[in-house]
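The values are calculated or read from the model by the stated rules, or taken from the named source; none is laboratory data. Treat the numbers as computed from the prediction; the structure is a model and nothing was measured. Reconstructed Cβ throughout: ideal geometry from the backbone, glycine too, with neighbour counts over all protein chains shown. Note: areas computed on protein heavy atoms with side chains; ligands, DNA, RNA excluded. Shrake-Rupley method; radii C 1.70, N 1.55, O 1.52, S 1.80 Å.
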Amino acid sequence: NLEAWKRVAEIAFDSERKLMTTFHEHDNKIISFTKGAPDILLQKCINIDVPALQKKVDEMATKGHRVMGFGFHYWDAVPEKPETAIHEIELNFLGFTSIIDPPREEVAEAVAQCKAAGIVPVMITGDHPLTAKAIAQRIGILSEGKDLVITGQELAALDEGSFLSKVEQIGVYARVSPEQKLQIVKALQQKG
């Protein structure tokens, strides 16, 4: 019943934070709900066993599921200017949900045709690395043990020379930012 949970403010989703928060009036209280990438959300929650919960996320992601985490926080009043640094911390963990978002049936055939034509397909996604790996294996982008999976965080730690030396072995880029997508394309173009 959306009338009973009137939305009064929000912090919009952002690909850098990988979170979104909405504030609601309910029973004369203000409650915020934060949803987003579990690996980010768990770091903002209190009184939880992060390694055990991360293991659950990894189990779902390994099956190719897209996983989202949820947390909440009560407030004395609606914030005048909701801010990430203030309003997306000390969350109470609610749980996870996962969905299967399978690739369309024709994708595997298209990947196979590209490979047969000498084109090397690469996956660039904001998904969890284990989810991306499972999907990339399912559609034929990764062959078992042959192609690397790298995260945006790992990519950021590489200098340009190190990245250029690896770019042709990387089949999947996961949890990358929009800026990194451009960096990847430029590196691939530089390698021809």
Quiz item: Among the residues of the range 145-160, is there at least one that is among the β-branched types (Val, Ile, Thr) and in a helix (DSSP H, G or I)?
Solution: no
Exercise. Please list, ordered by first then second residue, the pairs with beta carbon atoms under 7 Å, 6 or more apart or interchain, first in the range 1-21 and free of Cβ contacts under 8 Å to residues at least 60 places away in the same chain, second of a type outside the set (Ser, Thr, Tyr) and open to solvent by 100 Å² or more (accessible area, probe 1.4 Å).
Key: 20/13
Exercise. Residue by residue through the range 169-192, note down the ones that are among the charged types (D, E, K, R), at pLDDT below 90 and in a helix (DSSP H, G or I).
Key: 179
Quiz item: Given the structure, is residue 147 of a type in the set (Asp, Glu), open to solvent by 40 Å² or more (accessible area, probe 1.4 Å), closer than 30 Å to residue 22 by Cβ and modelled with pLDDT under 95?
Solution: no
Exercise. Could you look through the range 150-192, keep only residues that are of a type in the set (S, T, N, Q) and open to solvent by 90 Å² or more (accessible area, probe 1.4 Å), and pick out the one that is farthest from the chain's Cα centre (by Cα)?
Key: 190
Self-check item: Meets criteria (assigned to a loop (DSSP other than H, G, I, E, B), within 30 Å of residue 133 (Cα to Cα), open to solvent by 40 Å² or more (accessible area, probe 1.4 Å) and of a type in the set (A, V, I, L, M)) for residue 48
Solution: yes
Quiz item: Name the pairs: first residue in the range 169-190 and farther than 18 Å from residue 131 by Cβ, second residue open to solvent by less than 20 Å² (accessible area, probe 1.4 Å), Cβ to Cβ under 7 Å, at least 6 apart or on different chains?
Solution: 184/173; 187/163; 187/167; 188/167
Quiz prompt | the range 2-32, subset assigned to a loop (DSSP other than H, G, I, E, B) and among the polar types (S, T, N, Q), residue least open to solvent (accessible area, probe 1.4 Å) | solution = 15
Quiz item: Given (1) over 17 Å from residue 138 (Cβ atoms); (2) within 17 Å of the chain's Cα centre (by Cα); (3) in contact (Cβ under 8 Å) with a residue 24 or more places away in the chain, where does residue 93 come up short, assuming only one miss?
Solution: (2)
